[in-house]
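Notes for the one structure printed next.
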Protein chains: 2
Amino acid sequence: MKQNPLSFAILGTGALGGYYGARLHHAGFSTHFVLHSDFAHVQSHGLKVESIHGDFSIAHPQIYPNMDALPPCDVLCLSLKSTANVQFLPYLHSKLKPGGCVLVLQNGIGIEEEIAEYVGDAAVIGGLCFLCSNKIGPGHIQHLDYGSIILAPLATHSAQSEPLLQRIREALVHAGIDTTINSNLGAARWQKLMWNIPFNGLSVVLRCTTLELMQSEAGTRLVRTLMEEVEAASIACGTPVPPNLIDKLLHTTRKMTPYLPSMRLDFERNQAMEIDAIYSRPLARASAHGHSMQRTAMLRDQLVMLEQGLSTRKSSS
Amino acid sequence: MKQNPLSFAILGTGALGGYYGARLHHAGFSTHFVLHSDFAHVQSHGLKVESIHGDFSIAHPQIYPNMDALPPCDVLCLSLKSTANVQFLPYLHSKLKPGGCVLVLQNGIGIEEEIAEYVGDAAVIGGLCFLCSNKIGPGHIQHLDYGSIILAPLATHSAQSEPLLQRIREALVHAGIDTTINSNLGAARWQKLMWNIPFNGLSVVLRCTTLELMQSEAGTRLVRTLMEEVEAASIACGTPVPPNLIDKLLHTTRKMTPYLPSMRLDFERNQAMEIDAIYSRPLARASAHGHSMQRTAMLRDQLVMLEQGLSTRKSSS
């Protein structure tokens, strides 16, 4: 029996959701975008993607100003910032088609476990995105580099995710997105954190780009020692990252277009930073395995201090 | 036999040297000030001190535009930034009266040992200043809080410093400066570093005051964990700081007038920061005793990155 193609809901049409959703729509999949502030603009002008692989636009995407209006879909892509998850959680279950799943395209660790509590027996799959993109205007995405996704199912729901994993992978590949499957969600999450923990926090605290960190001896030492801490934590938690990953990531980042990580952009825009997902949750998981991450904890506390300063500036302005 | 009163040379008439030198002069001691950029202004307008203990000024201090012109003195007070020591070192020996000494009123650790190599058999005494003061204009010092000094002689030259220590203490006390003697220079240096390492670096990296750090839970945790690292290093080096010093310093800083540490002011003014004295030297000393200071090393590398950014901004402007 031939199955219907998968339908996708993009919960959060920003730099990341907007990019992947537009690719899926462009490849012919039924794709439904939830937007807030950009809704009116996209309704009039559509979605626009500037990509290193070629620009394209969608004149009339299927868009919704909130979750109430969204039809049930096969794959709910959680692509907003994790700091906003709380507003979406209560809707997830009712917006899943039978046999559907939530695909968590977010940073951090432990979020799939939290989502699972809201979706009954449905599958929850982690999606680790290696993407450099920015939203440069309403409904206007600029794709700078990379774009691959690693799919990693939540182990406690692996029976449900098994039939979906390959289908999602094929859909993404069909949409031009390099996609692989990793059966160890924890290891995959630590792997992503190994980049996020040094580069997101340091780019905020030191007001610098990834390239400036890599061009400085002190900057590279900061990055490397934080990465070593993440590696040790992944081992302590029983979900080790692959060997030689540190050197590989340093090499990749050196070649990368100079880039402001998402946390730096959030900081510049006076928006909430993903401190909880990228720092506090990994610290808590390591701590639960009797492991301390001194440098990561220090960077987290520095970010918390800066965020408090932001809120002070906001309230006094 | 009654001895002549001590004569003092103030090598660097800034926030610290200007304050202590003015107090010594005011108390009747022969005090000779070396100044660079402020020389002409002070020649015309004198030295002015605004102090919480009462304002005073010196209309015609004995001032010198460089070391060549300075007469030999009993006590050479090294009160410039340690980053500028290299210009003064070759002059020290010839500007010492027989039986005189160098009093190192600087931050860091290991500087007395370095000075000793330039002054033959003369005594070298560390002077640890607990002072909140700023230079707010040419020859214009603002004394905000505290002001005590701990004198601690370099052990290898203790025979030479013995006859001087009490006389210097008495002179300083006579000038209204609360002064005590600590026979363990290493322990005294670590004690001062326990404040300098967290507050100087964090106030630069996080662009905040001492009070903002103490009013934030994350900020206080940053300060305390760095202090714990300094305490452990002082023990590893065989020169332990006094017990309960951490709680005492946190308490004192909470009560202190909100204050920008000297490194923060240097950073704001695009001037060299004392990264070597306050971070790299303590790190090297701890490392020589097989002890690592992860958080201190991380803060040092962050400061180095920021200083590189400063020099980039300077060279591009």
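The values are calculated or read from the model by the stated rules, or taken from the named source; none is laboratory data. The model shown is predicted, which means the values in this text are computed figures rather than measured ones. Every residue, glycine among them, receives a Cβ derived from its backbone with ideal geometry; neighbour counts consider all protein chains shown.
Only one entry in A:Gln160, A:Gln142 is surrounded by fewer than 22 Cβ atoms within 10 Å (Cβ to Cβ) and more than 30 Å from A:His289 (Cα to Cα), namely A:Gln142. For the stretch B:3-22, a residue qualifies if it is closer than 20 Å to B:Lys81 by Cβ and not in a loop (DSSP other than H, G, I, E, B), and the qualifying residues are B:Phe8, B:Ala9, B:Ile10, B:Leu11, B:Gly17, B:Gly18, B:Tyr19, B:Tyr20, B:Gly21, B:Ala22. Yes or no: the stretch A:36-44 includes at least one residue that is touching a Lys or Arg at 6+ places or on another chain (Cβ under 9 Å), among the charged types (D, E, K, R), in the same structural domain as A:Pro65 (by TED's automatic domain parsing) and not in a strand (DSSP E or B). Checking the stretch A:36-44: at least one residue is touching a Lys or Arg at 6+ places or on another chain (Cβ under 9 Å), among the charged types (D, E, K, R), in the same structural domain as A:Pro65 (by TED's automatic domain parsing) and not in a strand (DSSP E or B). Do we find a residue being aliphatic (A, V, I, L, M), within 14 Å of chain A (Cβ to nearest Cβ) and closer than 24 Å to B:Met273 by Cα anywhere in the stretch B:241-255? Looking for residues that are aliphatic (A, V, I, L, M), within 14 Å of chain A (Cβ to nearest Cβ) and closer than 24 Å to B:Met273 by Cα, one finds none in the stretch B:241-255, hence no.
Residues in the stretch A:79-113 that are under 12 Å from the mean Cα position of the chain (by Cα) and on the phi > 0 side of the Ramachandran plot: A:Gly108 only. Among the residues of the stretch B:68-90, is there at least one that is part of a strand (DSSP E or B) and without any contact (Cβ under 8 Å) to a residue 60 or more places away in the chain? Within the stretch B:68-90, none of the residues are part of a strand (DSSP E or B) and without any contact (Cβ under 8 Å) to a residue 60 or more places away in the chain. A search for C-beta distances below 7 Å between a residue of the stretch A:241-258 that is closer than 26 Å to A:Ile52 by Cα and any residue that is in a loop (DSSP other than H, G, I, E, B) and modelled with pLDDT under 95, counting only pairs 6+ apart in sequence or on different chains, returns A:Pro258/A:Thr209. For the stretch A:54-73, the criterion of being of a type in the set (D, E, K, R) and buried (at least 17 other Cβ atoms within 10 Å of the Cβ) is met by no residue. Checked against the criteria, A:Leu164 does not count as modelled with pLDDT of 95 or more, assigned by TED's automatic domain parsing to the domain that holds A:Tyr20, assigned to a helix (DSSP H, G or I) and not aromatic (Phe, Trp, Tyr).
Residue count for the stretch B:1-28 satisfying the condition of being farther than 15 Å from B:Leu47 by Cα and of a type in the set (Lys, Arg): 1.
Restricting the stretch B:85-109 to residues that are surrounded by fewer than 16 Cβ atoms within 10 Å (Cβ to Cβ) and among the small types (Gly, Ala, Ser) leaves a set whose member that is modelled with the lowest pLDDT is B:Gly99. Those helices (runs of 4 or more DSSP H) of the stretch A:170-279 in which 1 or more residues are buried (at least 18 other Cβ atoms within 10 Å of the Cβ) and out of contact with any helix residue (DSSP H, G or I) (no Cβ under 8 Å at 6 or more places or on another chain) occupy A:185-205, A:262-268. A search for C-beta distances below 7 Å between a residue of the stretch B:205-233 that is more than 7 Å from chain A (Cβ to nearest Cβ) and any residue that is in a helix (DSSP H, G or I) and hydroxyl-bearing (Ser, Thr, Tyr), counting only pairs 6+ apart in sequence or on different chains, returns B:Thr209/B:Ser203; B:Thr210/B:Ser203; B:Thr210/B:Thr253; B:Leu213/B:Thr220; B:Met214/B:Thr220; B:Met214/B:Thr253; B:Leu226/B:Thr296; B:Glu229/B:Thr296. Can you pull out the residues in the stretch A:288-311 that are more than 14 Å from chain B (Cβ to nearest Cβ) and assigned to a helix (DSSP H, G or I)? Correct list: A:Ala288 only.
Of all residues in the stretch B:270-287, exactly one satisfies the criterion of being within 14 Å of chain A (Cβ to nearest Cβ) and farther than 21 Å from B:Val223 by Cβ, namely B:Asp276.
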